Every structure is written in structure tokens, then in C-alpha cells.
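Below is one structure, written out as C-alpha cells; comments come after it.
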Amino acid sequence: MPTDTKAATAAAESGSIKVLIADDHQLLLDAMVRPLEKCGFDVHLANSFSSACERIRADGPFDVVLLDLNMPGMDGLSTIKSIVAENAGGSVVLFSGSVSRVVVMRALEEGARGFIPKSVSLRSLENALRLVASGERFVPYSFFETPQDNRAKREPASDAASKLNERELKVLYGASIGQSNKEIAHDLSISEVTVKMHMRSICTKLGAKNRTQAAMIAKQTQII
């Protein structure tokens, strides 16, 4: 096991896990904090990207940071990377009601330790936090169902997502956060020409006139 997870493992085994919930949904926090504290977690709160960074610098690293992707100040992959870097020695887990597979994959590539849906039960959340604090990753099994496996439960967003392959989803995500073709090519270790080819395919599949419209369609349908 990596050295930087030894302290987290000890904390997980003792039950005294230090958790930062970085989320701006007060009703959700009200429902979560006391039950987690009763389960033995040391819970801290932040309601924006900047306050999360400040809290980590002051009181961190935390065994686990639960990171809401939609709170004030969050702006795609770059801010996820920043939180992961700030909490070095601890773990960061995406915490969201709705997030695409490509975002989770990119976050894992940048050092996040998983994804916990906001819809999980308290018992499942407790178990997931202990697992992540012990140095493991956590992503719900159902999150990796293929479009074919999940055909009966599809909604319009998943219909749109199913038109794109994994590489196209990654290219589209880069475009949606304002990356240039050169930056996307660098991140994916492919050529700019290949990025342009993927973007043309994306536009055709989504019925978009250009990359800007494709990114708008992707956000509106929650592909990314």
C-alpha cells in the first residue's frame, strides 16, 4: 500500500475518519452531518471551491474530501486537479447527483479516488468513506453499465451519450471546458488532426454545426 495512505488506513480502522464535505446544498448538509458524526466521522464543511482550499490548508489534509462539482468556484477538471493537489496525503471523491462517465474517468486520471452519488443511503456512504479512507477507490458498479445493459432505463441524455465512443466523449469534455484542440491533443496523447476528426464526428452525431454548439448540446443533455 502506498505510504501516503497508511495514516488514512489507521484512521479507517479506528473509525475516526476526518472528512471535508465541500458542497453548497445546505439541506443536504443538514441531513448528512449529524448522522456521520454519530458514526464516528470528524466532519468539516466548505461551501465553495475557495473555502474548500482554505479549509484544507488550515485543517488538512483530510482523509476524504467529498467534492460537489457544481458548487461556486468549480470549473471542470482544472479545479478538481487543484483540490486533489491541495489535499495531498488524503483522498478526494466526486460527490454529485449527476455526473457523466467521462468526467469520472478524467477525474480518476488526475488523482481522484472515486465517485459517490448523492442518492446513496447513509450506510452505503459510511462504507464508501471508510473504503476510500483505507486507500481504495470507490465507484458504484451500476455506474459502469454499458448502454446496452441499461437500455431499458435510458433517458434522452443517455441516448445522446450512446452515440459517442469513449474517445469522442473525452474530446467533447475538453471542448466543453474551453480547451483548444492543441490542449485536448496533449491531454489525450493524440494529434491535433485526430482531435479535429473526432470533433467532426461528434458534430455529425449530435447534429451540431460546430464545436461550440456541440458543447452546448452536451451540457443541456447532461452528457458531460
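Any read-out appearing in this document is the output of simple, stated calculations on the displayed coordinates, not a laboratory observation. These numbers come from a predicted model, not from an experiment. Please note: Cβ atoms are built from the backbone with ideal geometry, for glycine as well, and neighbour counts cover all protein chains shown.
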### Net charge over other residues, Cβ less than 13 angstrom from the Cβ of residue 96 (K, R count +1; D, E count -1)
-1
## Note on the structure
Here the gain from full extension of residue 121 to residue 216, 0.36 nm per residue of separation minus their alpha-carbon distance, amounts to 30.9 nm
#### Entry: Label-point separation, residue 180 to residue 54 (7 Å along Cα→Cβ), nm
3.5
### Full-extension gain in nm, residue 85 to residue 42, via 0.36 nm per residue minus C-alpha separation
13.3 nm
### Query
Mind listing which GluC sites (Glu not before Pro) in segment 70-111 are in a DSSP loop and have 13 or fewer other Cβ atoms within 10 Å?
none
### Query
With a ≥ b ≥ c the root eigenvalues of the C-alpha gyration tensor of segment 12-94, is it rounded (a/c under 1.5), prolate (a/b larger than b/c) or oblate?
oblate
### Stokes-Einstein D in µm²/s, Kirkwood radius over Cα pairs - segment 51-143 at 37 °C with 0.692 mPa s viscosity
249
